[in-house]
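A quick write-up on the structure given underneath.
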Amino acid sequence: MADITTDPFAGVEHVPGATKPDPIIVADGIVRSFGGLTAVNVEHFEVQRHTITALIGPNGAGKSTFFNLLTGFDKPQEGQWLFNGKTMRGTSPAKVARAGKVRTFQLTKALSGMTVMENLRLGAAQQKGENFFRAFVKPIWRAQEAEVTEKAIELLHKFKLYEKRDDFAGELSGGQRKLLEMARALMSEPEMIMLDEPMAGVNPALTESLLDHVLALKGEGRTVLFVEHDMHMVRRISDWVVVMAEGRIIAEGPPETVMQNPAVQNAYLGAHHDTDLSEEAEELVEELAERLEGGAE
Ligand SMILES: Nc1ncnc2c1ncn2[C@@H]1O[C@H](COP(=O)(O)OP(=O)(O)OP(=O)(O)O)[C@@H](O)[C@H]1O
Ligand SMILES: [Mg+2]
């Protein structure tokens, strides 16, 4: 029997939809179509608790759509999923957040016009599921404000944004925005955090710091699911990799070996045939070559 105390993935099969020893998320039969296009068609998906799982795949594979479904921002036509054993089907984003699962968001125009500190306060308001603006005038909110401020200051120091606390979020550099997005998500002390391309557009000087922060989330006992195109980053921080192509999960495995899977290589090359077919194609080419040689004699 595999030793799960050292490697939570020991004994987990390297196959799409592999079952995990202690899943925080279990999804089944998730289908999301846009018109005639099936963007997501995931038969089975599990995320192991207290680990960092990377979701990779070529452009248009359905990664972001799948994220939107898992966080309640979009509804699938079919399927169901559980978070900590509780059904999340039809659950609103606020309720999903309150259940302990949070996703970071890109800074919208409205958020860019607020200060760094205000953004963090918003993170706390989201936790309570309250309307942000109403929350600010509620007496009950004032009572909680000291606590929220204390937490915000702690996170500002941790993410090296304390000096920027009164600056507008829109004035931050790309990397600082990513840090702010992560800090804002952490205001609600989520059990699980989902990051869609956390490194996109980040200055290399800040990449290391972001990597460390993602690793630290796991150290704090949180579960991380992130989408990323940069394979160097995937190899460095993830414990497990799930590969999507054309809406489906086509492979799963450890970061060191998952890219060697022919199905993954084909997906990235844009070749949609399977291995058997390419063997067949090879035979055809050989046969053709032989015939050509024969004809030339
Ligand atoms: N709201 C929408 N309406 C119509 N089609 C959509 C919508 N959202 C996504 N799609 C389509 O669904 C497919 C999956 O898109 P998605 O954004 O989930 O891919 P992705 O894996 O995140 O890609 P990328 O790596 O480029 O971010 C694409 O073909 C996309 O055009
Ligand atoms: Mg995407």
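The values are calculated or read from the model by the stated rules, or taken from the named source; none is laboratory data. Just so it is clear, the model here is predicted, and its values are computed rather than measured. Cβ coordinates were reconstructed from backbone atoms using ideal geometry, including for glycine residues, and neighbour counts include every protein chain displayed. In case anyone asks, the SASA skips ligands and DNA or RNA and just uses the protein heavy atoms, side chains included. Shrake-Rupley method; radii C 1.70, N 1.55, O 1.52, S 1.80 Å.
I need the calculated FRET efficiency for the pair S92 and D28, taking r as the beta carbon distance and R₀ as 25 Å, to the nearest 0.05.
Once the sixth-power term is evaluated, E becomes 0.75.
Projecting each Cα onto the charge dipole of segment 19-120 (Lys/Arg +1, Asp/Glu -1 at the beta carbon, about the Cα centre), which of T104, N68, Q48 comes out farthest on the positive side?
T104
On a 26 Å Cα-Cα criterion, which of the cross-link pairs K178/K218; K75/K101; K95/K151; K20/K178; K20/K101; K63/K151 come out too long?
The answer is K20/K178; K63/K151.
Skipping prolines and chain starts, which residues have an amide H placed within reach, meaning under 5 Å, of the one on R89, given they are 5 or more residues away or on another chain?
Under 5 Å from the amide H of R89: W81.
Gain in length, L82 to T149, computed as 0.36 nm per residue apart minus the alpha-carbon separation, to one decimal in nm?
Gain in length upon complete extension: 20.8 nm.
Can you tell me the accessible area per residue over segment 20-104, all protein chains present, probe 1.4 angstrom, in square angstrom?
40
Which chymotrypsin sites (Phe, Trp or Tyr not before Pro) in segment 22-103 sit in a loop by DSSP (not H, G, I, E or B) and have at most 16 other Cβ atoms within 10 Å of their own Cβ?
F73
Tell me, what % of the accessible area of segment 1-97 is carbon and sulfur with a 1.4 angstrom probe? Please list the in-between numbers first.
Details: 2340 of 4490 Å².
Exposed carbon and sulfur together represent 52 percent of the surface.
Using a Förster distance of 35 angstrom, determine the FRET efficiency expected from the C-beta separation of K75 and D230, and round it to 0.05.
Taking R0 as 35 Å, the efficiency between K75 and D230 is 0.70.
Please work out how much length the chain gains when fully extended from D7 to E43, using 0.36 nm per residue of separation minus the C-alpha to C-alpha distance, in nm with one decimal.
Net length gain for the segment: 10.4 nm.
May I ask you to evaluate 6.51 cos²θ - 1.76 cosθ + 1.60, the Karplus curve with θ = phi - 60°, for each residue of segment 86-99 and list the ³J(HN,Hα) values in order in whole Hz, giving x for glycine and proline?
Per-residue couplings from phi come out as 9, 5, 10, 4, x, 8, 6, x, 5, 5, 4, 4, 5, 5 Hz.
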